[in-house]
Protein chains: 2
Amino acid sequence: MNPATANIEEAILSAILAGRINPGTRLGEQKLADLFGVSRTRVREAMMRLETRGVVQVSARRGWYVVEPSAEEAREAFQTRRVIETGLLHSLREVPPDVLKSLKEHVAMERDAIGAGDVHSRACLLGDFHIHLADALGNRMLTEIIRDLTARTTLISMLYQPTEKAEESSHDHEDIVAAMEEGDLALAARLMDEHIGKVEAGLDLTAKPDPLAGLRALLSPAVFAGNAPSVPHTHEHPHEHSHSHGRPATKED
Amino acid sequence: MNPATANIEEAILSAILAGRINPGTRLGEQKLADLFGVSRTRVREAMMRLETRGVVQVSARRGWYVVEPSAEEAREAFQTRRVIETGLLHSLREVPPDVLKSLKEHVAMERDAIGAGDVHSRACLLGDFHIHLADALGNRMLTEIIRDLTARTTLISMLYQPTEKAEESSHDHEDIVAAMEEGDLALAARLMDEHIGKVEAGLDLTAKPDPLAGLRALLSPAVFAGNAPSVPHTHEHPHEHSHSHGRPATKED
DNA sequence: GCTTACAAACTTGTATACAAGCCTGTAAGC
DNA sequence: GCTTACAGGCTTGTATACAAGTTTGTAAGC
């Protein structure tokens with residue numbers, strides 16, 4: 001594949017994984033072309049690839065948007081992750097020592113980031129745990145699949161997660177690795193199942209992603225008393241939610 | 001997505017799934033554009049999407065080729081399928097009656113096709129069983145993932161499978177469905193694991209895909225006795241193997 | 001007869017121009 | 001004051017032209 005196109009694709013995907021791009025964000029072709037110093041053609045290629053991978057969508061003649069998964073799609077994504085990640089642990093007969101070592105190191109880094117209050121790298125690390133696990137197996141197909149799924153669940157969390165549970169997630173990861181170390185992979189699989197279930201349960205999927213949520217929060221209660229001032233022109237695209245209303249970008253696990 | 005692009009993508013993918021396009025086949029942009037009555041632009045879009053999905057590859061300024069998975073990639077693909085499909089069965093608590101019904105119908109169709117000696121639809125059906133299983137769950141993400149994986153394993157089978165085992169595969173499918181009917185999903189998962197393992201074991205991954213295999217078969221032993229006639233010009237691309245040397249296109253399961 | 005060099009044809013890579021549609025801002029009419 | 005119609009700007013959709021590289025066919029030289 002063209003290296004420039006691959007770079008754009010990778011840059012956007014990892015920005016999503018790191019929680020640095022919000023769901024619903026508009027990605028204009030020309031703007032990205034200028035940003036990366038390439039022509040629109042390349043950007044379009046990258047976008048179409050990302051569309052195939054399920055992280056962006058095109059709205060005809062309006063632009064490319066980072067996906068905003070529906071509640072239904074969220075359920076599917078978590079189900080899929082559960083199937084694959086428990087299946088992965090179940091299919092293992094034993095855990096290679098170097099894999100175990102690198103997973104333990106990863107969990108240690110999670111703990112440190114949480115202890116240091118480093119919100120950003122914490123968010124990255126928590127999502128990366130699962131990718132790291134797949135990667136450690138040396139199966140690139142599986143790694144890529146899980147990467148794409150993680151991108152989606154990251155976006156889902158940004159839309160639906162009302163609370164942060166970084167400590168709990170990290171603890172779960174620790175327990176999973178401990179079970180792997182003891183060679184009890186069935187237990188590890190069960191813990192993973194519960195872990196993903198917990199994360200999913202922590203979401204509020206009934207709360208439809210509300211494009212106006214950020215706006216409403218700004219409006220005073222007087223608005224609802226009848227004497228409403230006209231909604232100020234935000235010059236914001238109706239689909240482009242600014243989810244950047246203070247809540248740190250946390251990943252789903 | 002553009003409907004024309006989607007059509008091309010779908011047409012090529014399903015042709016691969018049906019075993020009607022061989023691995024290594026060259027897919028020229030202009031040729032496809034003429035065939036589908038669209039411009040090269042659309043064809044390129046479809047090709048890039050298929051590349052993301054892992055079924056075609058581009059060779060710079062030479063053309064697009066249907067992938068020829070290496071032995072290593074073949075192992076990864078089967079491992080991935082095993083992980084996902086056993087994970088899927090394990091994660092099920094119970095099997096909805098309508099799903100069971102449709103799976104039983106599918107297996108019956110397999111039997112009929114085998115009985116009737118209908119090689120082509122048999123090949124289609126055997127691969128479709130797995131897609132059908134995922135589809136029956138109503139999880140579109142999982143279905144698409146398995147579809148892409150099945151495309152790859154289909155190509156792998158065409159490259160490496162020395163023998164056909166349609167009856168055995170269909171029997172395996174029957175047993176899996178039977179276990180599902182009895183509600184013993186752990187058994188179903190184990191059977192699935194063994195089934196995929198059997199299919200993989202049936203391949204000869206040591207036999208590297210040989211671009212000249214088809215050619216050698218045509219040459220008389222005299223060729224190797226020293227007085228070799230010059231190899232006839234085949235006007236065939238060096239990478240374009242004509243795997244269509246008699247063996248019916250069989251899928252891996 | 002065999003090898004090597006060269007030219008022509010063909011294929012993809014990339015950019016750009018223009019077409020088509022959507023959104024926003026403004027003004028006219030009620 | 002409010003609604004509706006319209007124009008302008010902006011963004012993607014699509015095709016096409018040209019650039020760059022690969023393969024193939026041919027002929028000259030050894």
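In this structure, is residue A:26 at pLDDT 95 or above, within 11 Å of DNA strand C (Cβ to nearest atom), away from every other protein chain (no Cβ under 14 Å) and surrounded by fewer than 20 Cβ atoms within 10 Å (Cβ to Cβ)?
Details: at pLDDT 95 or above: yes; within 11 Å of DNA strand C (Cβ to nearest atom): yes; away from every other protein chain (no Cβ under 14 Å): yes; surrounded by fewer than 20 Cβ atoms within 10 Å (Cβ to Cβ): yes.
When the stated conditions are applied, residue A:26 passes them.
What are the pairs with Cβ atoms under 6 angstrom where one residue, in the range A:134-147, is facing chain B (nearest Cβ under 8 Å) and the other, located anywhere, is open to solvent by less than 20 Å² (accessible area, probe 1.4 Å)? Sequence gap at least six, or different chains.
Here the result reads A:139/B:76; A:141/B:76; A:141/B:80; A:142/A:134; A:142/B:80, each pair linking the range A:134-147 to a residue that is open to solvent by less than 20 Å² (accessible area, probe 1.4 Å).
What's the number of the condition residue B:98 fails, among (1) away from chain A (no Cβ under 14 Å); (2) within 24 Å of residue B:10 (Cα to Cα)?
(2)
All but one of (1) without any contact (Cβ under 8 Å) to a residue 60 or more places away in the chain; (2) in contact with a helix residue (DSSP H, G or I) (Cβ under 9 Å, 6 or more places away or on another chain); (3) farther than 25 Å from residue B:156 by Cα hold for residue B:104; state the number of the condition that does not hold.
Single failed check for residue B:104: (1).
Under the condition of being touching a Ser or Thr at 6+ places or on another chain (Cβ under 7 Å) and closer than 16 Å to residue A:22 by Cβ, which residue from the range A:148-163 is farthest from the other protein chains (Cβ to nearest Cβ)?
The qualifying residue farthest from the other protein chains (Cβ to nearest Cβ) is A:161.
Mind checking which helices (runs of 4 or more DSSP H) fall wholly inside the range A:36-123 and carry at least 1 residues that are modelled with pLDDT under 95 and assigned by TED's automatic domain parsing to the domain that holds residue A:141?
Passing ranges, in order: A:71-91, A:97-115.
Working only within the range B:1-21, note down all residues that are crowded, with 19+ Cβ neighbours inside 10 Å and among the polar types (S, T, N, Q).
Selection gives B:5 alone.
Working only within the range B:66-91, note down all residues that are at the interface with chain A (Cβ under 9 Å from one of its Cβ atoms), in contact with a helix residue (DSSP H, G or I) (Cβ under 7 Å, 6 or more places away or on another chain) and open to solvent by 20 Å² or more (accessible area, probe 1.4 Å).
Correct list: B:82, B:90, B:91.
Does residue A:37 count as farther than 15 Å from residue A:156 by Cα, more than 10 Å from chain B (Cβ to nearest Cβ) and open to solvent by 30 Å² or more (accessible area, probe 1.4 Å)?
Numbers: farther than 15 Å from residue A:156 by Cα: yes; more than 10 Å from chain B (Cβ to nearest Cβ): yes; open to solvent by 30 Å² or more (accessible area, probe 1.4 Å): yes.
For residue A:37, the condition - farther than 15 Å from residue A:156 by Cα, more than 10 Å from chain B (Cβ to nearest Cβ) and open to solvent by 30 Å² or more (accessible area, probe 1.4 Å) - is met.
With the structure loaded, tell me whether residue B:76 is free of Cβ contacts under 8 Å to residues at least 12 places away in the same chain and touching a Pro at 6+ places or on another chain (Cβ under 9 Å) or whether it fails that test.
yes
So which residues in the range A:40-65 are of a type in the set (Gly, Ala, Ser) and open to solvent by 80 Å² or more (accessible area, probe 1.4 Å)?
Listed by number, the list holds a single entry, A:60.
Keeping to the range B:134-143, report how many residues are closer than 19 Å to residue B:196 by Cβ and open to solvent by 10 Å² or more (accessible area, probe 1.4 Å).
4
Which residue is farthest from residue B:68 (Cα to Cα), if the candidates are limited to the range B:144-157 and must be among the aliphatic types (A, V, I, L, M) and open to solvent by less than 10 Å² (accessible area, probe 1.4 Å)?
The selected residue is B:146.
Only residues that are within 14 Å of DNA strand D (Cβ to nearest atom) and not in a helix (DSSP H, G or I): list them for the range A:1-23, please.
A:2
Go through (1) among the basic types (Lys, Arg); (2) in contact (Cβ under 8 Å) with a residue 12 or more places away in the chain; (3) within 12 Å of DNA strand D (Cβ to nearest atom) and name the single condition residue A:82 misses.
Among (1) among the basic types (Lys, Arg); (2) in contact (Cβ under 8 Å) with a residue 12 or more places away in the chain; (3) within 12 Å of DNA strand D (Cβ to nearest atom), residue A:82 violates only (3).
Residues of the range B:164-186 being more than 16 Å from residue B:130 (Cβ to Cβ) and either more than 14 Å from chain A (Cβ to nearest Cβ) or open to solvent by 80 Å² or more (accessible area, probe 1.4 Å) (or both), which ones?
B:164, B:167, B:178, B:181, B:182, B:183, B:184
The values are calculated or read from the model by the stated rules, or taken from the named source; none is laboratory data. A quick note: this is a predicted structure, and the numbers were derived from the prediction, not measured. With ideal geometry, Cβ positions are generated from the backbone for all residues, glycine too; neighbour counts draw on all protein chains shown. Side chains included, ligands, DNA and RNA excluded: accessible areas come from the protein's heavy atoms. Shrake-Rupley method; radii C 1.70, N 1.55, O 1.52, S 1.80 Å.
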